[in-house]
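Q: The structure's right below; bear with me while I get my questions together.
None of the figures in this text is laboratory data; all of them are computed from the coordinates on show. Worth saying up front: this structure is predicted, and the values here are computed from it rather than measured. All Cβ positions, glycine included, derive from the backbone under ideal geometry; neighbour counts span all protein chains shown.
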Amino acid sequence: MSLTKRTPYNLFLAATTIIGGCLIGWGVIFDLPRDNLPTLILLILLAVTSSYVTRSMVHHTDGSITYEVGTAIGLAAVPEWGIGGAILVVFASILTVSLLKNWADSRLIFNVSMTAISISGAGITLLFLQSQLEPLPIVQFFAPWLLSAAVFSALNTILVITIIRLDKGSSINVLELAFEDQWATLVDIAIMCVGGLILAYAIQNYDSIGVIAFCLPILLSAFAFRVYVTKMSEHMNNLESIIEERTQSLKTLVAEKDHFLTVLTHDMKAPLTTINLYSSMLMQKPEALLKKPKIARAIFESQKNLADIVENILDLEKLNVDGEIDLYLETFDLVPLIESLVDTLSAQSEQKKIEVQTDLGGLTSAISADRSKISRVFQNIFSNAIKYTPENGQVHILGFIEAGTAIVQIQDTGYGIPKEDIPFIFERFKRVNSNKDFATGTGLGLAITKALVESHGGKVTVSSVPNLGSCFSVYIPLRETETIKQMEKRSQIIKT
Ligand code: ADP
């Protein structure tokens, strides 16, 4: 707002400034006893320090809470140094707060003038009541301080509300504003009344020593409180960022689940349509099976597809619930298991004219493992190799034993995986963007594969070059040890 126009706001600001300025001038020049000035200077220093220490104790979104310690010290100066002394103390304290808040504008002038008016009103009330209530010792001791603190607070509130109202217009509800911080106002009055009374008593009876003895514990505890509040707000900020992080990861999880459901419905629809189509055809014309025996195979493959999807979901659920997998261990040969899987997937590899070669002669020892889980591991990796390899490609499966570990490497000549995606492909729902269009998928297969292999004490690794192909290596320890025998025995018990 421009200060040169004659608006009610500017006139009020000017009036307040003039009255406040006159009071400061009159107080300091005519109403300030020149004796005991060192104690007054000490008091001013304390007011500045206390304003610094207690400034904006609590910060929140709408503003901050500041305790009026400076004004309590100002009021305490009244009996010894009159209105002039009080104005000097309060002026120093307000200046400190304003400078700390970078208020080097009209707000500073208004603030200083307003406080000069309020403290003058409070000081006059105090001196008047103290002289009038002489015969009643307790009332005389306490009432003037309480009333003068109330006068200070009332004058301050009236001046602040008036300037806000003139600035913001009739949209401001004056009563609401006046009682907005009623608890803070009551605390301020209490601090001014009790603090002012005790400090004035200390000054009159113990001079500078009294001032220090009174203020030091207050300043130290205010400082401790301030440190505590700062720590608390840091802690709150930390909490907020943790909550933000959690909310973000929850959102990601929900998005992943949504994506998963979409892909799942899509994936389930294709085999269901095949089953529906062929089975209704067979119901109408059972003889069609004789002409097209592939129908039976298509139905079988589709139901297998569905079973795999359901199996993946069940595995995932299981991992979600307890993170552990029950293993039913038995000793078996990997070679027939791998060959039968290659056979099962031959429909898909033949359809894409992908040549699948196996070289399993090196798998000379049987392994102790959960047969169905290991079968799912290889099924996931083989079907990926076929899914992510273009027509006329090749898949090579090599098996051998090394250092007590069965190692199976599945090498394809497919689309490959970009280097930056490799660290994430074993995470749930993770699908490589550049490969998404080549095949549908849920992004669960490799996550489950990794969990299953690791539950056997093994590991899966991958090396890949985009457009040249990928090689997945599965390591399963043979574990022909006492422990495995005990595990097998336990598995038998669980099974029965
Ligand atoms: P999906 O259901 O998508 O196949 P997976 O967890 O089995 O999920 O695989 C995760 C991602 O890793 C796949 O989406 C694919 O992008 C990539 N991927 C897996 N195997 C291969 C492979 N042999 N060649 C290229 N990319 C692969």
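Q: Mind checking which helices in the chain clear 24 Å along their axis (Cα) and have mean Kyte-Doolittle hydropathy of 0.0 or more, DSSP H runs only?
A: Long hydrophobic helices here: 8-30, 37-54, 69-100, 106-132, 137-168, 196-284.
Q: Related question: Among Gly393, Cys193, Val460, whose Cα projects farthest towards the positive end of the dipole of the chain, with charges put on the beta-carbon of Lys, Arg (+1) and Asp, Glu (-1)?
A: Most positive-ward Cα: Gly393.
Q: So what's the gap between the Cα centers of the stretch 315-360 and the stretch 155-202, to the nearest angstrom?
A: 78
Q: Right, another one. Using bins 5 angstrom wide from zero, how does P(r) for the stretch 157-305 break down, in % of all Cα pairs?
A: 2, 7, 7, 7, 6, 6, 7, 7, 6, 4, 4, 4, 3, 3, 4, 4, 4, 4, 3, 3, 2, 1, 1, 0
Q: Turning to a different aspect of this structure: Strictly over 30 Å apart at the Cα level, which of Lys387/Lys459; Lys168/Lys231; Lys304/Lys419; Lys294/Lys450; Lys353/Lys419; Lys294/Lys419 would you flag in this model? Each step should come with its number before you reach the end.
A: Details: Lys387/Lys459 22 Å; Lys168/Lys231 36 Å; Lys304/Lys419 33 Å; Lys294/Lys450 34 Å; Lys353/Lys419 28 Å; Lys294/Lys419 41 Å.
From the list (Lys387/Lys459; Lys168/Lys231; Lys304/Lys419; Lys294/Lys450; Lys353/Lys419; Lys294/Lys419), the Cα-Cα distance tops 30 Å for Lys168/Lys231; Lys304/Lys419; Lys294/Lys450; Lys294/Lys419.
Q: I'd like to compare 196-207, 172-183, 408-419: which one has the highest average count of other Cβ atoms within 10 Å, and what's the full order after that?
A: 408-419, 196-207, 172-183
Q: Considering only DSSP beta bridges whose two residues both sit in the chain, what percent are antiparallel, to the nearest 5?
A: Counting DSSP beta bridges with both partners in the chain, the antiparallel share is about 85 percent.
Q: Could the peptides 37-46, 223-232 be put in order, highest first, of the mean number of other beta-carbon atoms found within 10 Å of their residues?
A: 37-46, 223-232
Q: Put +1 on the Cβ of every Lys and Arg and -1 on every Asp and Glu Cβ in the chain; which of Val263, Val377, Ile119 then has its Cα farthest towards the positive end of the dipole?
A: Ranked along the dipole, the leading option is Val263.
Q: While we're here: Please state the relative contact order of the chain as a whole percent: Cα pairs under 8 Å, 6+ residues apart?
A: It comes to 10 percent, rounded to a whole number.
Q: Also, I was wondering about something else. Based on the mean of other beta carbon atoms within 10 Å per residue, what is the order of 296-307, 363-374, 148-159, most packed first?
A: Packing order, densest peptide first, comes out as 148-159, 363-374, 296-307.
Q: How much net charge surrounds His396 when only the other residues with a Cβ under 10 Å from the Cβ of His396 are counted, with Lys and Arg +1 and Asp and Glu -1?
A: That works out to -3.
Q: What Kirkwood hydrodynamic radius do you get for the chain when you take the inverse of the mean 1/r over all pairs of distinct Cα atoms, in Å?
A: Its Kirkwood hydrodynamic radius stands at 30.7 Å.
Q: For a Förster distance of 35 Å, can you work out the FRET efficiency between the beta-carbons of Met281 and Lys318, rounded to the nearest 0.05?
A: E(calc), rounded to 0.05, equals 0.40.
Q: Another one. Could you work out how far apart the two model spin labels at Ala14 and Ala307 are, taking each label as a point 7 Å from the Cα in the direction of the beta carbon, and quote it in nm?
A: Modelled inter-label distance: 9.5 nm.
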